[in-house]
Amino acid sequence: MKFAFITPRYGAEITSGAEHACRLLAEQICHRHDVDVLTTCARDSRRARTDYAEGADRVRGVLVRRFALSQPYDASDQAPLTDRLLASPRSRADELEWVRRLGPWSPALIDYLKRQHRTYDALVFFSLWHPTTVHGVHVAPDRSVLFPYLQLQPALRFNLWDDVLSTPRAVGFFASSERRLARSYVRATMQADEIVGIGVDPPPQQTYPRHQQDPGDSLDDDDATPRLDDDEGEEAYLEGRGIPFRRRHRLHGRLVLYGGRVDSDNGAEEMLEYFDSYALSDESASLVLMGAKLMKTPDEPYLQSPGVLPDRERMIAYEAADVTIAPAPDDLLSQSLLESLSVGTPVLASARNDAAVEHCRKAGGGLYYSNREEFVEAMRVLLTNQRLRDRLAVSGRGYIQQHHRWDAVIGRFDRLIAKVKGR
C-alpha cells in the first residue's frame, strides 16, 4: 500500500507533539509500505519561516515532500484572537480565519493533494488545528484518516472541530483521553476510530562488562554496547543494568532521571522546584536531565545535565535510573514514560497528564503527583522501597510487552486502515 502522511511540520529535530508522532509512525510504516510525508518548509511551531528547502528529501529513510509557505505567522498572536472569538458570536469564516492565521499555510500542499490523491491508498493527517488538516481532509474523505492529537484548550470550543473529526473515514488516537474529549467535549460523530498509541522497542535483557571496577573509568564503545550473557540470567542483568551510563557520568547513589526538554512550558520548571524540596531530606539522590536545556537551571550539586543523548545511550540511562520523572502536563505520547517502563524503571508522573496517569494505572508501573507534597512523598517511597520498585518494574515491562511494542502498535494502525479500505 502507499500512504501520504500529511503534517504541518516534519523533521528529526521535532521531538514533541503530533509532528513527532507522525515521524515515529512513518519510520515504522515505511518498512512495510510506501510512505510519502507531505509537509511545509516550516520547523518552528511558534512562528513560520522557511527553515527547510522546498522539494523532496529523505529523513531517516522516509520520503519527505516539502511545500512552500504562503505567509508568515506568529503563534503568540493566537491567544488574544481565540479570546475574542470565544467572547462573542462567531461564524465558520471567523474560525477558518483563526486556522489560517495559526498556520503553517501552504496552498501548494493542498493543490498537490487535489492533483495526486488518487495515487495513494490512504491519506493520513496529523494534528487537528492546522490548515493542512482542516482543508486537506475534504480532498478525499473516504480514504482519509486523522490523528487529531486532542488536548483540552480554549479553541476546542469552536464548532469547526465537529466537522473536521466527522469528515474522515476513521480517526486514530494516541490515548483514550483523546477519544473522551472527542466524544464528550467536542461531541463529534466519528465514522470509526481506534486507539493506536506509539511503540517502543525494549532492549533485550543483557548484562554489561564488569572489567572496569572504577566508576570513573572511561567508557569505550565495547562498554556502551550491552552483551548477552545467558549463564547469569535475569538476576545478573538487573545487577549490571545501566553501569556504562553511571560510569561515564560518575554517578553514585540514588539516581532520578528526566528524559525530556528542560523548558518552562512542559512541567520541567515545577519538577526542579519540587525535587529541590525532596533533596533537602536526601542528599544522596541525583537528578539527571537528559534533554535539551532551554531554560536556566539551578546550580545545585545534585543536578547533572548530560544533554541530548543518542538512542543507544538513552536507553542505558533509563536502565541506570532508580526512578524516571514525567512532569509534562500535556504530553499525549508519554514516550519517555513508555521507554522507562520498557526497561523496568518505575515512573513518577504529573497527575495533570491524563495519558500518563492512565499508563501508570494500567501498567502498574508508577505513581503520580498533583502538588509538591505528593511529589516529595512519592519520591521518598519510590527511592527507599526496593521491593516496591521491583514489583513496579515487572508490571511495567509486562505492560509494554503486551501493548506498546511496535508490532502491536502497527497492528492497531493496520486495523484502522482496514476500516478505510472497507474490510
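The values are calculated or read from the model by the stated rules, or taken from the named source; none is laboratory data. Just so we're clear, the structure is a prediction, and the values are computed from it rather than from any experiment. We place every Cβ from the backbone using ideal geometry, glycine too, and count neighbours over all the protein chains shown. With ligands, DNA and RNA removed, areas are computed over all heavy atoms of the protein, side chains included. Shrake-Rupley method; radii C 1.70, N 1.55, O 1.52, S 1.80 Å.
Key figures for this structure:
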read-out: GNM result for the chain, Cα springs below 10 Å: residue of 318, 185, 369 fluctuating most strongly; value: 185
read-out: Among 388, 255, 333: highest mean-square fluctuation, GNM of the chain, C-alpha pairs under 10 Å; value: 388
read-out: Heavy atoms of residue 14 accessible to a 1.4 Å probe, total area in Å² rounded to 10; value: 20
read-out: Accessible area per residue in Å² at 1.4 Å probe, computed on the chain; value: 43
read-out: Pair-distance profile P(r), taking every C-alpha pair of region 1-111, with 10 angstrom steps and integer %; value: 14, 41, 29, 13, 3
read-out: Distance from region 405-419 to region 78-109 (C-alpha centre basis), Å; value: 34
read-out: Calculated P(r) tail over 27 Å for region 72-207, as whole % of Cα pairs; value: 26
read-out: Neighbourhood net charge (11 Å Cβ-Cβ; Lys/Arg +1, Asp/Glu -1) for residue 385; value: +2
read-out: Two-decimal ratio, region 229-353, of alpha-carbon radius of gyration to 2.2 N^0.38 Å; value: 1.04
read-out: For region 40-195: relative contact order, % (alpha-carbon pairs under 8 angstrom, 6 or more apart); value: 16
read-out: Separation between Cα centres of region 342-392 and region 145-177, rounded to whole Å; value: 29
read-out: Net charge of neighbours whose Cβ lies under 12 Å from the Cβ of residue 398, counting Lys and Arg as +1 and Asp and Glu as -1; value: +4
read-out: Over the chain: helical MRE at 222 nm, DSSP H runs n ≥ 4 each giving -39500 (n - 2.57), nearest 500; value: -11000 deg cm²/dmol
read-out: Relative contact order (percent, whole number), region 249-316, Cα cutoff 8 Å, 6+ residue spacing; value: 36
read-out: Residue-level accessible surface for residue 76, protein heavy atoms, 1.4 Å, Å²; value: 80
read-out: Residue of 370, 16, 350 that the Gaussian network model of the chain assigns the largest fluctuation, springs spanning Cα pairs under 10 Å; value: 370
read-out: Surface accessible to a 1.4 Å probe, residue 15 within the full protein complex, Å²; value: 80
read-out: Mean Cα-pair separation over length for the chain, i.e. relative contact order, pairs under 8 Å, 6 or more apart, %; value: 12
read-out: Ratio of Rg to Rh over region 348-423 (Cα coordinates, Kirkwood Rh, two decimals); value: 1.16
read-out: Pairwise Cα inverse-distance average, inverted: Kirkwood Rh of region 319-365 (Å); value: 10.3
read-out: Net charge of neighbours whose Cβ lies under 12 Å from the Cβ of residue 150, counting Lys and Arg as +1 and Asp and Glu as -1; value: -1
read-out: Rg [Å, one decimal], Dmax [Å, integer] - the chain, C-alpha atoms; value: 22.5, 72
read-out: Surface share of carbon and sulfur [accessible, 1.4 angstrom probe, percent] for the chain; value: 46
read-out: Given charges at Cβ of Lys, Arg, Asp, Glu: the chain dipole, positive-most of 341, 127, 382; value: 127
read-out: Net charge dipole size for the chain [Lys, Arg +1 and Asp, Glu -1 on Cβ; Debye, nearest 20]; value: 1940
read-out: Over region 282-398, volume per residue of the alpha carbon convex hull, in Å³; value: 110
read-out: Convex hull volume of region 55-138 per residue (C-alpha atoms, cubic angstrom); value: 120
read-out: Total lysine pairs whose alpha carbons fall under 21 Å of each other in the chain (8 or more apart, or interchain); value: 4
